[in-house]
Amino acid sequence: MQAKSYRIWGKVVDGSLNPPTDNGVVVTEGERIAWVGEAANLPEKYKLDGYEDIKLPGRTVMPGLIDGHTHISFGESRSEEENALYAPAEFRSLRAIWNAKKVLQAGVTSAFDAATTYCVAQAVRDAIDTGMFEGPRFAVSGKQITNHQGLEDSFPNNMPFPVGQCAVLVKTKDDLVEQVRYQVKDEVDAIKVSGSNDNLLAPDALEASAFTEEEFRIIADETHRLERICAVHARSRGSARDSAKAGFDIIFHASYIDDEGIEHCLKNGCIINPTLTLLTNLVDASQEQAGASGISAFQREIDAATENLGRAHKAGVPILTGSESGWSAVPYGEWHARELEIFVNLLGMSPLEAIHAATLGQTRVLKRFGDQVGKLEAGRLADILVIDGDPTEDITVLQRKSRFDYIFQGGKEVDRTPVPPRKRMWYERQKTFLDGVLHFNEETGEAVLSKEP
């Protein structure tokens, strides 16, 4: 579909923190935005024929959403085991490009992929960039760098590190530099580090850091020398503090960050991307559906993040949205805008601040193309949403795809024909006889299913 020229009328929310323009117009020519402003100030040359008008009552015009934490290669995995061990690389790539269109149809016109299995994310990014398939513009990490205390070394020591894991295991300081250089050769946009474990997998995940401050600094310095973005999975207090001190660009999660960590974020210009949607979805699910280490662990982290990240936001640390789409609790195309609601309800953001966190605020982490997206501004790419409703009054409207009249990416209207359900192959899923332990109740003579925490 060719990009046309449009005049799009409505309440204009440009992605910045500036007040919306109630009676505004966005003019596009081809793939780019030509003019944005008050309807009363529309220049004469944009009043001429040759433009298609989109003029519907009660509409908001805003930039396409940017999801700052996705995993396009994960295929909606239900567990670490499923993600690391099941489905061949070739199938994962085809499955990922299938799912990328669903992400785009949710209004996400750009995205950051925060760790991949194999090199699937790079392949998806390049296939979309070269026009072969439809999907968001991606900036991608490679496999995240981990050690034995990092999130992704979650399997017993008596088995080899799985080749399908979304990480690479390092054992020496020299390995750190080698991995950064190796991944840059593979043309990643960012280096991702597994800086802590996860409270789903290890009981000591809230305090300990997987890497020392010196090791974090080695990674950050080499990444920046090679002109890449440096990101870290850091749920624990120590990992958030030490990675911020080392100058990491993006700190994912940071639920247990303390005042010292916040201070280093401010000093070094670090961004926090909490991805609270995953935790919130797990809490919202029933205990039977969640089946991990217990709902209480997720709720404790949400409570800690509410306090700590609310304090970081008030201090001035940029906090950006990310869905963590790719796990089964956050399927592609369905949850990309929930983080905005969470930011408003839990972190004290205004709806306008939350929209900024999902648009212009994200562009710092999209090094290749960030200056081209994220804002309704002349010269930028025409990535635009036209919404039936006002997200500055009701932020949840962005979660309702049926309320999107138009999605434009680079001036082209996105094909919103629903992606039909597909058949799941047997080799994509781990095999479980029963999700729990079946006990015998002597009093009733009945079987009782017990799910261990």
Filter result (surrounded by fewer than 20 Cβ atoms within 10 Å (Cβ to Cβ) and outside any helix (DSSP H, G or I)) within the stretch 329-357: Pro331, Gly333, Glu334, Gly348, Ser350
If you take the residues in the stretch 172-193 that are more than 25 Å from Val124 (Cβ to Cβ) and of a type outside the set (Lys, Arg), which one is surrounded by the most Cβ atoms within 10 Å (Cβ to Cβ)? Leu176
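Let's see how each residue does on (1) touching a Pro at 6+ places or on another chain (Cβ under 8 Å); (2) among the β-branched types (Val, Ile, Thr); (3) under 13 Å from Gly15 (Cα atoms):
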position	(1), (2), (3)
Ala315	no, no, no
Ile319	yes, yes, no
Gly322	yes, no, no
Leu346	no, no, no
Thr359	yes, yes, yes
Gln362	no, no, yes
Lys367	no, no, no
Val373	yes, yes, yes
Thr60 touching a strand residue (DSSP E or B) at 6+ places or on another chain (Cβ under 8 Å), polar (S, T, N, Q), buried (at least 18 other Cβ atoms within 10 Å of the Cβ) and farther than 30 Å from Ile271 by Cα: no
Hey, Glu339 modelled with pLDDT under 95 and touching a Ser or Thr at 6+ places or on another chain (Cβ under 6 Å) or not: no
Here is a list of conditions, (1) buried (at least 24 other Cβ atoms within 10 Å of the Cβ); (2) more than 24 Å from Leu366 (Cα to Cα); (3) in contact with a Pro (Cβ under 8 Å, 6 or more places away or on another chain); (4) of a type outside the set (D, E, K, R), and Gly150 meets all of them except one; can you say which number that is? (3)
Does Glu31 fit the bill of being in contact with a Pro (Cβ under 6 Å, 6 or more places away or on another chain) and of a type in the set (Asp, Glu)? no
Among the residues of the stretch 123-133, are any in contact with a strand residue (DSSP E or B) (Cβ under 9 Å, 6 or more places away or on another chain), surrounded by 23 or more Cβ atoms within 10 Å (Cβ to Cβ) and in a loop (DSSP other than H, G, I, E, B)? no
Applying the selection to the stretch 344-377, what residues are without any contact (Cβ under 8 Å) to a residue 60 or more places away in the chain and closer than 18 Å to Arg400 by Cβ? Val344, Asn345, Pro351, Ala354
Could you list, ordered by first residue, the pairs with Cβ atoms under 6 Å in which the first is in the stretch 409-438 and surrounded by 10 or more Cβ atoms within 10 Å (Cβ to Cβ) and the second is among the small types (Gly, Ala, Ser) and not in a loop (DSSP other than H, G, I, E, B), at least 6 apart or interchain? Gly436/Ser450; Val437/Ser450; Leu438/Ala447
Filter the stretch 156-171 down to the residues that are of a type in the set (A, V, I, L, M) and more than 20 Å from Phe216 (Cβ to Cβ), then identify the one that is surrounded by the most Cβ atoms within 10 Å (Cβ to Cβ). Val163
In the stretch 378-391, is there at least one residue being assigned to a helix (DSSP H, G or I) and either in contact (Cβ under 8 Å) with a residue 40 or more places away in the chain or out of contact with any helix residue (DSSP H, G or I) (no Cβ under 7 Å at 6 or more places or on another chain) (or both)? no
Would you pick out the residues in the stretch 85-120 that are under 15 Å from Glu187 (Cα atoms), in contact (Cβ under 8 Å) with a residue 60 or more places away in the chain and under 14 Å from the mean Cα position of the chain (by Cα)? Phe112, Ala114, Ala115
Exactly one condition in (1) under 27 Å from Phe91 (Cβ atoms); (2) touching a residue at least 40 places away in the same chain (Cβ under 8 Å); (3) not in a loop (DSSP other than H, G, I, E, B) is false for Ser154; which is it? (3)
Please work out which residue is modelled with the lowest pLDDT, limiting yourself to the stretch 1-27 and to residues that are surrounded by fewer than 17 Cβ atoms within 10 Å (Cβ to Cβ) and closer than 18 Å to Tyr406 by Cα. Met1
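The values are calculated or read from the model by the stated rules, or taken from the named source; none is laboratory data. If you're wondering where the values come from, they're calculated on a predicted model, not measured in any experiment. Cβ coordinates were reconstructed from backbone atoms using ideal geometry, including for glycine residues, and neighbour counts include every protein chain displayed.
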